[in-house]
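The block underneath contains the structure these notes are about, expressed in structure tokens.
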Amino acid sequence: MNDANVKVETNATPQDVGANGSAKLRFDVPFFNMQTIFGGLADQGATRAQANFAKMRATSEEITAAVCDACSTNAKRASDYGIKLIEISHINTSSTLDFISQLVDARSFADLVNLSTAHSRKTLEATSAQNRELWDLAQKVATETAEPIKQSFNRVLRRAA
């Protein structure tokens, strides 16, 4: 069998004969109305997308409000911490100046040793108490800053689940 003997049949009919004599074929393919087939799916997808967008927007606004609250709480507590540091610095400076004035009034080496020992003990106790205060303030800052964010994320995650 050679190529000249093969006859191919199609359901194509010539549509136009061009200027150069070639015919354009038109195939009989049933017309599908894509809008009818996929229109309902697209509408459902668009509705779902809008609903999801609205949920994401509400969630974003809630988280933004929680972060703003956390930042303002953090700023206030950081200010409290800074004020406490300044107070501690003032107390320690006054204590040191008092100690120096007592050293100036000392009459013997034994007085110097007694004053130094007493001041060292007093300073160690004060430093320990001050460190506890600063530690408590730092924990308060961390807890009060993180709590609104934690609660907001927990609400969002519970809703998403």
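The values are calculated or read from the model by the stated rules, or taken from the named source; none is laboratory data. Quick caveat: nothing in here was measured; it's all calculated off a predicted structure. Don't worry about glycine lacking a Cβ; one is built from the backbone with ideal geometry, like all the others, and counts go over all protein chains shown.
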Exactly one condition in (1) without any contact (Cβ under 8 Å) to a residue 12 or more places away in the chain; (2) touching a Lys or Arg at 6+ places or on another chain (Cβ under 9 Å) is not met by E144; state its number.
-> (1)
Under 8 Å between Cβ atoms, at least 6 apart or on separate chains: pull out the pairs that start in segment 50-67 with a residue that is at positive phi and at pLDDT below 85 and end on any residue that is part of a helix (DSSP H, G or I) and surrounded by 12 or more Cβ atoms within 10 Å (Cβ to Cβ).
-> none
Among the listed residues R107, R121, which satisfies the condition of being farther than 30 Å from R158 by Cβ, of a type in the set (K, R) and not in a helix (DSSP H, G or I)?
-> R107
Could you grab me the full set of residues in segment 54-102 that are of a type in the set (G, A, S) and within 27 Å of V113 (Cβ to Cβ)?
-> S94, S95, S101
Failed condition for P148, given (1) over 30 Å from M56 (Cα atoms); (2) surrounded by 14 or more Cβ atoms within 10 Å (Cβ to Cβ), with all others met?
-> (1)
